[in-house]
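Asker: Pasting in a structure now, in structure tokens, and then I'll have a few things to ask.
Read the figures in this text as sums done on the coordinates, not as results from a lab. Everything numeric in this text was worked out from a predicted model, so none of it was measured. Note that we place each Cβ from the backbone using ideal geometry, even for glycine, and neighbour counts take in every protein chain shown.
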Amino acid sequence: MHVWKYLSLLLSAAAANPLSVRSTACNNSPDLCDKSYGAITHLGAHDSPFVRTSDSVLAGNQYFDTPTQLSAGVRLVTAQVHKDNNQWRLCHSYCTLMDAGRLSDWLATIKSWLDDHPNEVVTVLLVNSDGASAAELGAEFTTANITNYAWQPESLTTPPASWPTLRTMINSGKRLVVFATPLTTSTSYPYLMSEFDFIWENNYDVTTPANFSCEPNRPSSLAGSLSTALSSNRLPFMNHFLYSTDLAALQIEYPNASYVSTTNAPSGGNGNLGTAATTCKAAYLGRQPTFILVDFFNKGPALDTVDSLNNVTNAVGRTTVSSSPSSTSSSDASMIGNVFKGLVELANSAKSGASPSVGAWIWAGGNWNSVLGGGISF
Ligand SMILES: *[C@@H]1O[C@H](CO)[C@@H](O)[C@H](O)[C@H]1NC(C)=O
Ligand SMILES: *[C@@H]1O[C@H](CO)[C@@H](O)[C@H](O)[C@H]1NC(C)=O
Ligand SMILES: *[C@@H]1O[C@H](CO)[C@@H](O)[C@H](O)[C@H]1NC(C)=O
Ligand SMILES: *[C@@H]1O[C@H](CO)[C@@H](O)[C@H](O)[C@H]1NC(C)=O
């Protein structure tokens, strides 16, 4: 065959199937391209946009911002969405406590990262604290110009029996998977999935390392029913982060950063991620958790456990980040001072007539509503 003809055949084959070349990596590994999205483990950054720029930002869950997380290997990012000043913003429980900006701006940074990383599949999970409608959330995705990337399930009510492979998602260009909870879905926004129709989670509110559990906790219909959860076709989602209870008297829980090197470690120490993941995989009859959600993802490093579950030994295309915090360490006492500062500001704004919306304190554990209603004065 004439070499040019051969070459052009090759080129057209490549155009039809841009990932046919074996050496191409999907989600940082050539070995993952032909795995189903639901059969691999995606590392998740809990409360991804809430960054501890300094240790005085007590409510922060991560040391690095979302694009840095993604470049380092995180493939699931979660955030809380609140309504403030008629805008949908990423706030940690209250916009007066921690405000990471507009949802659409954050989505635009993810869109830009996807543009720059064409072989990666990313998942976004939104805690819809103030009950945005599918149309309201969808408008944010449209503003961010990210909807072209959004993958759509065949059904918005029934999880797929098997999810597409990463290669299929990448080749179709639909490589952003979006969940929100709670959410009333709409066929006008067919990429916005209601989390608990597709996923079940273990307990997230853990304050002592011995208490990490593999048992289903949410949705409530599956709580404690492992075999039902496993046979429901939903994806197993493993929360693995630890809260400090130093402020338990105020019903405030905040991320335990002092123990995170153990919490996220691949082995060794009570409550380490590696042992927890292995234990859960065995409990799930060999099914590895599809998602593992951690605070301070760079510690551990948490990726070691995820790579091990995925049998990945040859990760490529990751930017290494320090396993040390990016912020300087200061005492918990100064952090606590800042929480009180946040509470004082919140209480003052409530007193001055503003009515801060009281979103469910999902994933942050505490109950500020009862604090404010409980007559504590500052
Ligand atoms: C939206 O993103 C697509 C690529 O996903 C790009 O081709 C298009 O120019 C973008 N539109 C705007 C208005 O930026
Ligand atoms: C740990 O779990 C046990 C058994 O479920 C429970 O009794 C105990 O209260 C938990 N401890 C904490 C600190 O949550
Ligand atoms: C973090 O957890 C460890 C292990 O349970 C505990 O010893 C430590 O006091 C906790 N730190 C904070 C700030 O809660
Ligand atoms: C990794 O290997 C184990 C053991 O062979 C297997 O059960 C699991 O499905 C593999 N996971 C992936 C993502 O390849």
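Asker: For segment 261-305, count all C-alpha to C-alpha pairs, find those more than 14 Å apart, and express that count as a whole percent of the total.
Answerer: It works out to 43 percent of all Cα pairs.
Asker: Taking the beta-carbon count within 10 Å as an exposure proxy, list Tyr204, Tyr243 from fewest neighbours to most.
Answerer: Tyr204, Tyr243
Asker: Cβ neighbours within 10 Å, averaged per peptide: list 108-120, 60-72 in order, most packed at the top.
Answerer: 60-72, 108-120
Asker: May I pose another question? Exceeding 19 Å between C-alpha atoms, which entries from my cross-link table qualify? They are Lys35/Lys174; Lys174/Lys299; Lys111/Lys174.
Answerer: Pairs exceeding the cut-off: Lys174/Lys299.
Asker: How big is the Cα convex hull of segment 23-114 in projection, averaged over all directions, in nm²?
Answerer: Over all viewing directions, segment 23-114 projects a mean Cα-hull area of 6.9 nm².
Asker: Further, regarding this structure: Can you pull the semi-axes for segment 115-182, root of five times each eigenvalue of the Cα gyration tensor, sorted largest first, whole Å?
Answerer: Semi-axes (√(5λ), whole Å): 21, 16, 10.
Asker: Ranked highest first by the average count of other Cβ atoms within 10 Å around their residues, in what order do 142-148, 258-264 fall?
Answerer: Packing proxy ranking, top to bottom: 258-264, 142-148.
Asker: For the ranges 312-318, 277-283, what's the packing order if you count other beta-carbon atoms within 10 Å of each residue, average per peptide, and put the highest first?
Answerer: 277-283, 312-318
Asker: Okay, next question. Among Ser231, Thr208, Ala302, whose Cα projects farthest towards the positive end of the dipole of segment 159-312, with charges put on the beta-carbon of Lys, Arg (+1) and Asp, Glu (-1)?
Answerer: After comparing all options, I get Ser231.
Asker: If the only charges are +1 at each Lys and Arg Cβ and -1 at each Asp and Glu Cβ, what is the size of the charge dipole of segment 24-104 around the Cα centre, to the nearest 20 debye?
Answerer: 160
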